[in-house]
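Read the structure below first, then the notes.
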Amino acid sequence: MSEDGTAQTVRELGEFALIDRINAGRAHAREVLIGPGDDAALIAAPDGRFVVTTDMLVEGRHFRFDWSSPVDVGRKAIAQNAADVVAMGARPTSFVVALGCPADTPVSVIEGLADGMWQEAARAGGSIAGGDLVRSSEVVISVTAFGDLGGAVEVRRSGASKGEIVAVAGELGWSAAGLALLERGTVRATTELSRFEAKALETHRVPQPVYDAVLALAANRPRALTDISDGLLADLGHLARASGVSIDIDRALLADPELDAVATSVNADAPQWILAGGEDHAFAGTFDADAPLPPGWRRIGTVGVGSGVTVDGTTPNMRGGWDSFRGSDESSTPSPR
């Protein structure tokens, strides 16, 4: 706290004291040979390669602090990057974070963001290796994630073939449901929420990618794989295009009675959330039709000749997910506008 009893701000504490505070006492993944505190981090790459990805969250565009706590936002920032690493068949090892914030941001907000990032990094199997802290007009979080393939062949979007089945690991539509509850102002006191509404809100605020559904596979790995971040239709469309195949989804295999209950409460369409909602961070892959699916995976469709994604053999009459510059339709918004 400041001397006048108000919350201490980033300006009052200072850049380097804040960096020291949010990194003190943290435990690093074994691949982080040199972490925060030097000119750069040193990360081990045991098999001579690493997977790398980056993503950004902007306050007011991708999150709001009146909807999510700083810890929630920090976890989401790491989860969306870790899921992309895992979607290549790699284990997340380390994350580098660039954080911008106004000078009057309470130190407690930055501490919450850091705590959330470290929590999710540990859940994914890695740690925060370093980053940067700058002044900006709103909170901006940019994460770069690294992953280790452990000698295995990477899993690409381009590996699907005719005759394979399409399967998913993780739940679909729940993040979009949570966002719908927030946007429509239907959120009541926590004690008044139904169990399913509470689940939708929690899923939107803190996605829980099922990392182990991919990383635990020693055999029968997906032939092609993608993270579902922009919506099922959109991301399967990317996979189909990269592989030069068509994909047909069986709508009945996507049914979720619990999600239907949430949709009914806000007069919405659960299939729309499932097919076009974003930020699920589930995984979708294609598998040999003759082999049993690994634990945690369920069949939702098939791979065929041609191009594009259909639902029950028909082109769906809905926009297929999120585009950062186009925006999204009114029923498929993966992040606050």
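Scanning the range 276-312 for residues that are in a loop (DSSP other than H, G, I, E, B) and closer than 20 Å to M88 by Cα yields a count of 9. Checked against (1) within 26 Å of P294 (Cα to Cα); (2) in a strand (DSSP E or B), S161 passes all but condition (2).
In summary, G178 fulfils each of the numbered conditions (1) out of contact with any helix residue (DSSP H, G or I) (no Cβ under 9 Å at 6 or more places or on another chain); (2) in contact (Cβ under 8 Å) with a residue 24 or more places away in the chain with the single exception of condition (1).
Taken over the range 223-248, residues that are part of a strand (DSSP E or B), surrounded by 22 or more Cβ atoms within 10 Å (Cβ to Cβ) and not small (G, A, S) amount to 5. Looking only at residues of the range 264-303 that are open to solvent by less than 20 Å² (accessible area, probe 1.4 Å) and among the small types (G, A, S), we find that the one that is nearest to R205 (Cα to Cα) is G278. L172 satisfies every condition listed in (1) of a type in the set (A, V, I, L, M); (2) assigned to a loop (DSSP other than H, G, I, E, B); (3) surrounded by fewer than 20 Cβ atoms within 10 Å (Cβ to Cβ) except (3).
When restricted to residues that are in contact with a strand residue (DSSP E or B) (Cβ under 6 Å, 6 or more places away or on another chain) and either under 11 Å from V168 (Cβ atoms) or of a type outside the set (D, E, K, R) (or both), the range 215-226 contains 5. So for the range 204-222 (the condition being assigned to a helix (DSSP H, G or I), loosely packed, with under 15 Cβ neighbours inside 10 Å and modelled with pLDDT of 95 or more), does at least one residue qualify? The answer is yes, given that some residue of the range 204-222 is assigned to a helix (DSSP H, G or I), loosely packed, with under 15 Cβ neighbours inside 10 Å and modelled with pLDDT of 95 or more. Taking the range 108-130 as the range and being within 20 Å of the chain's Cα centre (by Cα), open to solvent by 20 Å² or more (accessible area, probe 1.4 Å) and small (G, A, S) as the test, the residues that pass are A122, G125.
Do we find that A83 is within 16 Å of L57 (Cα to Cα), of a type in the set (A, V, I, L, M, F, W, C) and in contact with a His (Cβ under 7 Å, 6 or more places away or on another chain) in this structure? It would help to see each step written out before you state the result.
Working: within 16 Å of L57 (Cα to Cα): yes; of a type in the set (A, V, I, L, M, F, W, C): yes; in contact with a His (Cβ under 7 Å, 6 or more places away or on another chain): yes.
Considered against the rule, which asks whether it is within 16 Å of L57 (Cα to Cα), of a type in the set (A, V, I, L, M, F, W, C) and in contact with a His (Cβ under 7 Å, 6 or more places away or on another chain), A83 comes out as yes.
Filtered by the rule that a residue be out of contact with any helix residue (DSSP H, G or I) (no Cβ under 7 Å at 6 or more places or on another chain) and either in a strand (DSSP E or B) or under 25 Å from G147 (Cα atoms) (or both), the range 108-121 gives a lone residue, W118.
Within the range 284-316, how many residues are aliphatic (A, V, I, L, M) and in contact with an Asp or Glu (Cβ under 8 Å, 6 or more places away or on another chain)?
So in the range 284-316, the residues aliphatic (A, V, I, L, M) come out as 284, 289, 291, 293, 300, 303, 305, 309, 311.
Narrowing the set further to residues that are in contact with an Asp or Glu (Cβ under 8 Å, 6 or more places away or on another chain) leaves 284, 289, 300, 303, 309, 311.
Qualifying residue count, the range 284-316: 6.
Listed by position, the helices (runs of 4 or more DSSP H) inside the range 10-107 whose residues that are modelled with pLDDT under 95, of a type in the set (D, E) and open to solvent by 70 Å² or more (accessible area, probe 1.4 Å) number at least 1 are 10-13, 15-23. You will find that of D288, D230, D248, the residue that is touching a Ser or Thr at 6+ places or on another chain (Cβ under 6 Å) and either among the acidic types (D, E) or without any contact (Cβ under 8 Å) to a residue 12 or more places away in the chain (or both) is D248 and no other.
The values are calculated or read from the model by the stated rules, or taken from the named source; none is laboratory data. Quick caveat, the model's predicted, so the values are computed rather than measured. Quick reminder, even Gly has a Cβ in these numbers, built from the backbone with ideal geometry, and neighbours come from all protein chains shown. The area values use the complete protein model at the heavy-atom level, side chains included, leaving out ligands, DNA and RNA. Shrake-Rupley method; radii C 1.70, N 1.55, O 1.52, S 1.80 Å.
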